[in-house]
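What follows is calculated from the coordinates using simple rules that are stated; it is not laboratory data. Only a predicted model underlies this, so the values are computations on that prediction, with no experimental measurement involved. Cβ placement follows ideal geometry from the backbone for every residue including glycine, while neighbour counts extend to all protein chains displayed.
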């Protein structure tokens with residue numbers, strides 16, 4: 001799926017089509033107020049390390065974290081939902097109660113992005129990143145919002161997990177964007 005635009009590559013950037021996953025911890029401000037910023041930073045490190053391990057197992061790459069949000073990319077959209085499923089299961093079954101009860105809002109969108117190498121790894125730019133960010137605000141706690149574009153590229157067994165298609169206007173974009181929802185509880189193995 002990841003195809004490279006040679007024009008962008010010449011500017012020390014590459015344009016590639018990737019699946020973008022943005023995850024946000026629900027209630028992080030409340031949690032920081034309850035446990036303090038130092039304990040939250042320790043909790044976030046455990047969570048971030050788990051995200052990184054699970055992403056690596058599913059061919060994903062963490063691009064960066066912003067506050068309590070984590071932005072990842074996958075070359076194949078079919079790897080994203082198994083990643084979310086395994087992460088959700090790992091959190092629920094985690095023996096460490098501090099991350100066991102974390103709830104997430106997650107979005108999945110596929111699109112072309114500009115990737116730029118940086119000293120700390122890389123950066124991604126483009127409307128697809130902004131759509132993923134806006135979609136994550138539509139997710140309810142413990143829910144994955146999947147853009148229609150992504151749904152269209154999912155294998156049939158994953159596509160069947162997506163509940164009804166909805167549409168919404170997204171700030172900064174003309175027209176409405178279609179999306180579906182998957183409750184993370186539906187991805188958990190009991």
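Against the longest principal axis of the chain, how steep is helix 127-136, in degrees 0 to 90 to the nearest 10, with axes from Cα atoms?
That helix lies at roughly 30 degrees to the long axis.
If each DSSP helix of 4+ residues adds -39,500 (n - 2.57) and the sum is divided by the residues in the chain, what number results at 222 nm, nearest 500 deg cm²/dmol? Mind dumping the intermediate values first?
On the way: 8 runs with 71 residues, N = 190.
It comes out at -10500 deg cm²/dmol, rounded to the nearest 500.
Which order results if 65, 160 are arranged by neighbouring Cβ count within 10 Å, fewest first? All intermediate terms of the calculation are to be shown ahead of the outcome.
On the way: 65 15, 160 8.
Lowest count first: 160, 65.
Would you mind ranking 125, 40 so that the residue whose beta carbon has the fewest other beta carbons within 10 Å leads the list?
On the way: 125 13, 40 19.
Arranged by neighbour count, lowest to highest, 125, 40 become 125, 40.
To the nearest 10 degrees, how steep is helix 80-93 against the longest Cα principal axis of the chain, on a 0 to 90 scale?
It works out to around 10 degrees.
Would you compute the Debye intensity of the chain from its alpha-carbon atoms alone, equal scatterers and no solvent, and pass along log10 I(q)/I(0) at q = 0.14 Å⁻¹ to two decimals?
For the chain at q = 0.14 Å⁻¹, log10 I(q)/I(0) is -0.78.
Normalise the Debye intensity by I(0) for the range 116-190, one equal point scatterer per Cα, no solvent, then take log10 at q = 0.25, 0.28 Å⁻¹ and round to two decimals.
With one equal scatterer per Cα and no solvent, log10 I(q)/I(0) is -1.15, -1.30.
Can you sort 85, 107 from fewest to most other Cβ atoms within 10 Å of each residue's own Cβ? Intermediate values should be presented prior to the final figure.
Numbers: 85 21, 107 25.
With the sparsest Cβ surroundings first, the list reads 85, 107.
Enumerate the residues in the range 29-54 having an amide nitrogen under 18 Å from the point lying 7 Å beyond the Cα of residue 103 toward its Cβ.
In the range 29-54, the label zone of residue 103 (backbone N under 18 Å from the point 7 Å along Cα→Cβ) covers 29-35.
Explain nothing, just the number: relative contact order of the chain, from Cα pairs under 8 Å at least 6 residues apart, as a whole percent.
Values: 350 pairs, mean separation 43.7, N = 190.
Normalised by residue count, the contact order of the chain is 23 percent.
Kindly list the residues of the range 108-128 that lie in the label zone of residue 56, defined by a backbone N under 17 Å from the point 7 Å along the Cα-to-C-beta vector.
Label zone hits: 121-122.
In degrees, nearest 10, range 0 to 90: what is the angle between the Cα axis of helix 37-57 and the longest Cα principal axis of the chain?
Here the helix axis deviates by roughly 50 degrees.
Once you place label points 7 Å from the Cα toward the Cβ at residue 116 and residue 38, how far apart are they in nm?
Modelled inter-label distance: 3.7 nm.
When the Cα centres of the range 132-180 and the range 52-89 are compared, how far apart do they sit, in Å?
Taking the Cα centre of each part, the range 132-180 and the range 52-89 sit 17 Å apart.
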